[in-house]
1. Taking H as built 1.01 Å from N, whose amide H comes closer than 5 Å to the amide H of A:H88, not counting residues under 5 places away?
2. To the nearest 10 degrees, how steeply does helix A:102-116 sit against the main Cα axis of chain A, on a 0 to 90 scale?
3. Return a whole-number percent for the relative contact order of chain A, with Cα pairs under 8 Å and 6 or more residues apart as the contact set.
4. Taking each label point as 7 Å beyond Cα in the direction of the beta carbon, state the distances from B:E35 to the same residue in the other copies, shortest first, in nm.
5. List the distances, in nm to one decimal, from the label point of A:E58 to the label points of the same position in every other copy, shortest first, placing each label point 7 Å from Cα along the Cα-to-Cβ direction.
6. With a ≥ b ≥ c taken as the square roots of the eigenvalues of the C-alpha gyration tensor of region A:37-140, please select rounded if a/c is under 1.5 and otherwise prolate if a/b is larger than b/c or oblate if it is not?
7. Going by average Cβ density within 10 Å per residue, which order do the peptides A:54-60, B:25-31, A:85-91 take, highest to lowest?
8. Between B:E99 and A:E58, how many nm apart are label points set 7 Å from Cα along the C-beta direction?
Number of protein chains: 2
Amino acid sequence: MSLADDIRAKGRRMTVQRRLVLDALERARHHTTAEEIARRIRARYPQIDPSTVYRNLEVLEELGYVTHTHLDDRVTRWFRADAERHGHLVCRRCGAEQEIDFQVLAPLARRLREEHGFRADLAHSAVVGICRQCAAVSSG
Amino acid sequence: MSLADDIRAKGRRMTVQRRLVLDALERARHHTTAEEIARRIRARYPQIDPSTVYRNLEVLEELGYVTHTHLDDRVTRWFRADAERHGHLVCRRCGAEQEIDFQVLAPLARRLREEHGFRADLAHSAVVGICRQCAAVSSG
DNA sequence: TTACCTGCAAACTGTTTGCCGCTGT
DNA sequence: ACAGCGGCAAACAGTTTGCAGGTAA
């Protein structure tokens, strides 16, 4: 069963716009913003409205294909739900993003679950801090 | 040396508005938003403009008295820099916020520092997931 | 045929900025 | 006296919504 069939089975349609949004998420290596997706799509297909991108991200999330999170700014970041789970380190100084193996986060997830009954989704939120380079600069 | 003196020593002034913002942060138990602070101040002193609150939060952060973070939405959260360090669990389903002891997060912070040279600020970002209650509901 | 979906324009929220007169030091 | 500061109004970025016509199934 293709993704398109899957979408149809859920009472939705596979439109050109929806496909383009999915493809854009596919191509984006890391978390992207709706505006970035819209920008890339519109570079080639300028007829497509940004609001369509927002609406598609919303239904794709509802259907379980994508999810979103917030890094250290006010912008919503989107990515495929089936992406390999990994954590994010974001430097609050230089803004650099770095991926880390999910295994590093697993012990915390386990503890939160055992001690607080909380199903943490550590792959979704970024860990904010100061990266090695910036730390080196500020400490001399 | 009082906080006012400290501020003056840094070439800034202690104005009524600045004091009100500091007091509002003092009274707020948890992280608050600039709008919430403005709302509370304006309930009693309606002359004070929201933009003044934003500007004050900015300089107070620059001076090191307050910091901000982002939970699971697009809104900036502010709190006193000297507040006791603690983590936040935010439920993406019901929105409930829960504080956790910083000790729970410490091992991860240590590992990120040792393995990635990254100075994580785990007290700043919230951990997103599903809380015990919501998990109970969805699993039957 | 009929929901679902789209483009367009306009609204909306949280935040920032320019201007200019005021005020703490 | 003179930088820092505040109030006001307007701009701004990111996002959402209402509408009316278009399109997948």
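Taken together, the values in this text are just the output of simple stated rules run on the coordinates, not laboratory data. Just so we're clear, the structure is a prediction, and the values are computed from it rather than from any experiment. Here the Cβ is made from the backbone with ideal geometry for all residues, glycine too, and neighbour counts use every protein chain on show.
1. Answer set, sorted by chain and number: A:I100, A:V127.
2. Value to nearest ten degrees: 80.
3. The normalised contact order for chain A reaches 19 percent.
4. Those label-point separations list as 1.8 nm.
5. Reported distances to equivalent positions: 3.1 nm.
6. oblate
7. Most protected by this proxy first, the peptides run A:85-91, A:54-60, B:25-31.
8. Going from the B:E99 label point to the A:E58 one covers 3.5 nm.
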